[in-house]
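A short worksheet on the structure shown next.
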Amino acid sequence: MIKRQQLQCMKYMDSSLLLLLEGYKFISNWGRKYHTDVFETYLMGKKVICIRGPQASQIFYDERRFIRENATPMRVKKTLTGENGVQGLDGAEHRHRKMMFLSIMNPDNLALLRKILLKQWILISQKWEREESVVLFDEMQEMLCKVACQWAGVPLRKSEVKLRADDLGKMIDGFGAIGPRYWEGRCSRKRTENWISDIIDKIRNYQITPRIGSAAYIIAWHYDQSGKLLSKQVAAVELINILRPIVAIATYITFGALAMHQHPECYRKLRLGDERYVSMFTQEVRRLFPFTPFVGAVVKKDFIWKSHIFKKGTLVLLDVYGINHDPRIWDWPNKFYPERFYDWEENAFDFIPQGGGKASKGHRCAGELVTIQVMEDSFRFLARNLSYRVPPQNLKISLRRIPTLPKSRFIIMNPKRK
């Protein structure tokens, strides 16, 4: 009775402070405390329903029950996603825009991405040999900014690499923050949109001629369902939605390097050349380490799930981090164990680091294959082509901070090519 009364109390309290204090574990903590997979509360003065557990993802990605319009908070749009992008579309309009992204992820483009990535790994490793120590996360952001721009067909002068990489990184770093980190993200978003809007304009005026089939070419010349070119603002947002996620892979590469350091047996297996193990290791990095805490959608029409009434127009948050660590889904959920994916039966709703369902029809990330490919190739290079020493440093990962990283951003010393 006490727990039921406490849970009822959450329906009327604002949990914003609790979210700041608990971060990634907020939904899981309160769900476990009250033995429920669904509860109501308020965040930033707005009523929300939080859901978690084995069936939650399948419900959440049912387009008959949920829409994405107005689901993303404005503070996230002003930093991470931008306004009027594919993430906030529904139905036929969403599918039409999504096909634009999927057309970019074709085999030829993915093969080109691998070629560009390998070249950049060789160049950066040569640079590292002249340095005593490097901060891996910072180096990865700059390298991946170069990779993303070259692959997407976006001109990038050597003198502006650091600025553009920092801005893309701050957009990612600011979405879950308050105070200076958030405002830095907003300023970075504005600068980046101005930069890419100018590039879209120059492509359409034939001052820049990106490779046919590149992201810049496809997005600049994409027509919406009414037969009109995307507005310059929307085209810029969507091209940034190609660049930014690739730069964000720096987080996963850093976590992967941390896993190699903390689990020497995994590092040894990566070096042996078993390609299946590289895939399992990559998936386990995506599952275990925190990136997205939760995602939101709005109830499309009234329905009942687990005896709870979901009213039309209510914001619902899906516990992404919790589902990827749920003991009802995963054995030893807090253990780094790549072999769990050896005979894993792929499920579109149990493993959702980049969304659930099918990318072709739903809101699963269209660039998931890009993320996996960049991670796998990067882990191969780190394990098989580099030697380095990991000095004592603060490797603590704060689950309060969204997004999070090892505190030191992972420092390596005396990096040498093998």
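What follows is calculated from the coordinates using simple rules that are stated; it is not laboratory data. Treat the numbers as computed from the prediction; the structure is a model and nothing was measured. Every residue, glycine among them, receives a Cβ derived from its backbone with ideal geometry; neighbour counts consider all protein chains shown.
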Exercise. Kindly count the pairs of lysines across segment 198-350 whose alpha carbons are less than 23 Å apart, treating pairs on different chains or eight or more residues apart as eligible.
Key: 7
Exercise. Work out, step by step, the length gained on full extension between K416 and I397: first 0.36 nm times the residue separation, then minus their alpha carbon distance; give nm to one decimal.
Key: 4.1 nm
Quiz item: For labels at K358 and I212 in the simple 7 Å Cα→Cβ model, what's the distance in nm?
Solution: 3.1 nm
Quiz item: Near the amide H of D14, under 5 Å away, which other amide H atoms are found, from residues 5 or more places off or on another chain, if H is placed in the peptide plane?
Solution: none
Quiz item: How much length is gained on full extension from I178 to W221, taking 0.36 nm per residue of separation minus their Cα-Cα distance?
Solution: 11.8 nm
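In nm, what is the difference between 0.36 nm times the number of residues separating A92 and M44 and their Cα-Cα distance?
14.1 nm
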Quiz item: Which value, in debye to the nearest 20, describes the size of the charge dipole of segment 102-259 about its Cα centre when Lys and Arg Cβ atoms bear +1, Asp and Glu Cβ atoms bear -1, and nothing else is charged?
Solution: 380 debye
Exercise. Among the trypsin sites (Lys or Arg not before Pro) in segment 148-233, which ones are in a DSSP loop with at most 14 other Cβ atoms within 10 Å of the Cβ? Mind listing them?
Key: R157, R211, K228
Exercise. Could you check the simple spin-label distance between R271 and N194, using points 7 Å along Cα→Cβ, in nm with one decimal?
Key: 4.9 nm
Quiz item: Along the Cα-to-C-beta direction of I122, a point sits 7 Å from the Cα; which residues of segment 146-174 have their amide N less than 20 Å from that point?
Solution: 146-152
Practice problem: Evaluate the charge dipole of the chain about its Cα centre and quote only its size in Debye, nearest 20, assuming +1 on the Cβ of each Lys and Arg and -1 on the Cβ of each Asp and Glu. | Solution: 560 debye
Quiz item: Can you give the calculated 222 nm mean residue ellipticity of the chain, where each DSSP H run of n ≥ 4 adds -39,500 (n - 2.57) and the sum is split over every residue, rounded to the nearest 500 deg cm²/dmol?
Solution: -15500 deg cm²/dmol
Quiz prompt | Pairwise label distance in nanometres, S133 with V161, each label 7 Å out on the Cα-Cβ vector | solution = 2.3 nm
Practice problem: Beta carbons within 10 angstrom, averaged per residue: use that to sort the peptides 307-314, 70-77, 212-219, highest first. | Solution: 212-219, 70-77, 307-314
